[in-house]
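Worksheet for the structure shown next.
Throughout, read-outs are computed from the coordinates displayed, never taken from laboratory work. These figures come from a predicted structure and were not determined experimentally. Backbone-built Cβ (ideal geometry, glycine too); neighbour counts: all protein chains shown.
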Amino acid sequence: MKKTALVLAIGAASIMPLAAVADGPIDGKVYGKVNVSLVNADNGVDDQWELDSNASRLGFEGKTQLSEGLYAIYKLEYEVSVDGDGDTFGKRNIIAGLQGGFGTVWAGRHDTPTKLAQNKIDLFNDLQGDIKNTFEGENRVNNIVAYTTPSMSGFSAMVAFVPGENNDTEDSKFIGEADTTNDGLADGVSYLISYDTESLYLAIAGDQDIDNQDLIRAVAQWTIDALQLGFMYQQNESNLDSASYDESGYFVSAAYKIDAVTLKAQYGMVEDDADDDEEDTWSLGADYKLAKSTKLFAFYTANEDTPGGDSSSIEEDYFGVGLEHKF
């Protein structure tokens, strides 16, 4: 009994210094998501089963008050390879900034305003039906500096510029440009203007010299009781002299909730006006909520790439089931 009391006393003494260090307000939180799916992939040549980690992530974010109405903000978010393929951790959105009545100024590595403009119309995000597999403009870039306005009666705006830093590596999103052209303050620019209420979301967004693309997209999303409808129209063209690239396309989605089940469908099509190439994607699926932060899901996706001329199309079909848990 005396030995037990002695052990408890030593344990309490060892914890006290840690408690003193941790004393004070906690200005951040840990968050994350584990999303894993078992998928059958068939491209007409190979037919195989695979286990996928779908942008599973671990993040830290928060803000610290510096003075009345002024805060320092931060986010450190990393992708986690749940299936063991690839690196254990990969960079996602990593920023620091200042927030106040004037809005938010932030910088680091982050999704562009154009990518953020899609909101939640992509119902199969991070899966094989993700619109990034068909549409340009889904970029996360290094060296981004941005300003976000406060929301005013539902209206807000975001503008970002990207110094190229004489960098033409893959992560820079300036592939193919000569180094001497990537030394300015705003070698790339991205913007977003949006209107957001509980039932309606509208947005206009665009890129200039991001990932060698000049791009504009319009997005709309309506929520009517249990029904959610989404629409996107986009035009983009290459800004490289060596590439002939002039695309236009649209994307539609619909989701309907029935108690714990959400039925989902979406379709997207992009056509290259320069050489008549066409890409199509469509997906069907359903989510089943086990709890507020956990769901089971199943999906079928068909992606097709039809080159111009007499070339045969390339088809890829996917069927998968999976689990997602957020924390």
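Got a sec? How would Asp27, Asp52 order by Cβ neighbour count within 10 Å, fewest to most?
Arranged by neighbour count, lowest to highest, Asp27, Asp52 become Asp27, Asp52.
Return Trp106, Trp282, Trp49, Trp222 ranked ascending by Cβ neighbour count within 10 Å, so the fewest neighbours appear first.
Result, fewest neighbours first: Trp49, Trp222, Trp282, Trp106.
Between Val45, Val145, Val34, where does the largest GNM mean-square fluctuation fall for the chain, given springs only between Cα atoms within less than 10 Å?
Val45
Remind me, relative contact order of the chain in percent, using alpha carbon pairs under 8 angstrom and six or more residues apart?
13 percent
Where is the GNM fluctuation largest for the chain (alpha-carbon springs, 10 angstrom cutoff): Gly249, Gly97, Gly184?
Gly184
Between Tyr71, Gly320, Val162, whose Cα lies farthest towards the positive end of the dipole of the chain when Lys and Arg beta carbons carry +1 and Asp and Glu beta carbons carry -1, centred on the Cα centre?
The residue sitting farthest along the positive end of the dipole is Tyr71.
For Cα extents along the principal axes in Å, pick the label among (1) 47, 43, 41; (2) 109, 52, 40; (3) 88, 47, 41 that corresponds to the value derived from the coordinates.
Correct label, based on the coordinates given: (3).
Based on Cβ point charges of +1 for Lys and Arg and -1 for Asp and Glu, what charge dipole magnitude is obtained for region 29-326 about its Cα centre, in debye rounded to the nearest 20? Working shown, then result.
Details: 20 positive and 55 negative charges, 552 e Å.
It works out to roughly 2640 debye.
Which value in nm describes the separation of the simple spin-label points at Asn43 and Ala291, placed 7 Å from the Cα toward the beta carbon?
3.9 nm
Show me, for region 248-259, the HN-Hα J-couplings you get by feeding each phi into the Karplus relation (A = 6.51, B = -1.76, C = 1.60, θ = phi - 60°), rounded to Hz, glycine and proline as x.
Whole-Hz 3J(HN,Hα) from phi for region 248-259: 8, x, 9, 8, 9, 8, 8, 9, 9, 9, 10, 6.
Between region 26-45 and region 114-139, what is the separation of their alpha carbon centroids in Å?
Using only Cα atoms to place each centre, the spacing works out to 15 Å.
Could you put Met152, Met158, Met269, Met232 in order, starting from the residue whose Cβ has the fewest other Cβ atoms within 10 Å?
By the 10 Å Cβ count, ascending: Met152, Met269, Met158, Met232.
Excluding Arg217 itself, what net charge comes from residues whose Cβ is under 10 Å from its Cβ, given Lys and Arg +1 and Asp and Glu -1?
Taking every other residue near Arg217 into account, the sum is -1.
Just tell me the longest site-free run in the chain, where the sites are GluC sites (Glu not before Pro) in a DSSP loop having at most 16 other beta-carbon atoms within 10 Å.
Here the longest segment lacking exposed loop sites spans 199-327.
Which of Lys75/Lys257; Lys264/Lys326; Lys91/Lys257; Lys63/Lys264 have a Cα-Cα distance over 30 Å? Display every interim value, and only then the final one.
Details: Lys75/Lys257 32 Å; Lys264/Lys326 20 Å; Lys91/Lys257 34 Å; Lys63/Lys264 36 Å.
Over 30 Å Cα-Cα: Lys75/Lys257; Lys91/Lys257; Lys63/Lys264.
With a 10 Å cut-off between alpha carbons and a GNM built on the chain, which of Val162, Val189, Val30 moves the most?
Maximum among the listed residues: Val30.
For every helix of n ≥ 4 consecutive DSSP H residues, a contribution of -39,500 (n - 2.57) applies; sum these over the chain, divide by its total residues, and give [θ] at 222 nm rounded to the nearest 500 deg cm²/dmol.
Result for the chain, helices only: -2500 deg cm²/dmol.
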